[in-house]
Amino acid sequence: MTELSILLHPDPRLKKISIQVTNIDERIKKLCLDMIDTMYNHSGVGLAAPQVGVLKRVVVMDCSDDGEKSPVTLINPEIVWSSEEVSKFEEGCLSIPHIREEIKRPSSVQVKFTDICGISKESYFKGLWATCIQHEIDHLNGKLFIDYLGPIKRSFITKKMKKYKKEIIKK
Ligand code: NI
């Protein structure tokens, strides 16, 4: 498997809307496996294809907390129902390292998607899984979790990230 490099905010590709996957071919399957590997290597719980520079509607995640790996791949995920009840979670993002902020989102969601074998499925997510899938689908629509924050906080984080990116380039 190949370790993919993760785009860091700010990057214009992270603001783009990703396109639907129409054919789950070997390239898409390899992308999914590489994304799962990359997510685990960075100790992330979710990763969306635009974060690795591929503007396609593919998401991988694993929010299990029992020590067992249970990766889930969602192709063309779509929220078909979300609860009125909301929950707050401290979110982070592999494209915005070292930043964590509390974000309010629906507590549970029903998601329609295609799995890696090309089978149409619908799953119910709650808790961290629900937050994670909403965060990842946002990525497919060019939206970052910091977009839920106020403009002052957001521009502060963006400035910090610009500085961080310059520093890692120097190394
Ligand atoms: Ni993210």
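Go through region 1-57 residue by residue and tally those that are in contact (Cβ under 8 Å) with a residue 40 or more places away in the chain, closer than 22 Å to Thr131 by Cα, of a type in the set (Gly, Ala, Ser) and part of a loop (DSSP other than H, G, I, E, B).
The total comes to 2.
Quick check, is Pro77 surrounded by 14 or more Cβ atoms within 10 Å (Cβ to Cβ), within 17 Å of the chain's Cα centre (by Cα) and farther than 21 Å from Ile17 by Cβ?
It is false that Pro77 is surrounded by 14 or more Cβ atoms within 10 Å (Cβ to Cβ), within 17 Å of the chain's Cα centre (by Cα) and farther than 21 Å from Ile17 by Cβ.
Report those strands (runs of 3 or more DSSP E) wholly inside region 89-171 carrying at least 3 residues which are among the hydrophobic types (A, V, I, L, M, F, W, C) and within 16 Å of the ligand (Cβ to nearest atom).
Filter on region 89-171 gives 96-106.
Which of (1) closer than 30 Å to Thr22 by Cα; (2) over 15 Å from the mean Cα position of the chain (by Cα); (3) hydroxyl-bearing (Ser, Thr, Tyr) is the odd one out, the single condition Thr131 does not satisfy?
(2)
For (1) surrounded by fewer than 14 Cβ atoms within 10 Å (Cβ to Cβ); (2) without any contact (Cβ under 8 Å) to a residue 12 or more places away in the chain, each residue gets a yes or a no:
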position: Ser70; (1), (2): yes, yes
position: Glu84; (1), (2): yes, no
position: Ser87; (1), (2): no, no
position: Cys93; (1), (2): no, no
position: Val111; (1), (2): no, no
position: Glu122; (1), (2): yes, no
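Would you pick out the residues in region 1-54 that are surrounded by fewer than 17 Cβ atoms within 10 Å (Cβ to Cβ), within 23 Å of Asp65 (Cα to Cα) and polar (S, T, N, Q)?
Asn41, Ser43
Consider Val45 carefully, then state whether it is touching a helix residue (DSSP H, G or I) at 6+ places or on another chain (Cβ under 7 Å), within 13 Å of the ligand (Cβ to nearest atom) and modelled with pLDDT of 95 or more.
So Val45 passes the test.
The values are calculated or read from the model by the stated rules, or taken from the named source; none is laboratory data. Predicted model, so just to flag it, every value in this text is computed and none were measured. Here the Cβ is made from the backbone with ideal geometry for all residues, glycine too, and neighbour counts use every protein chain on show.
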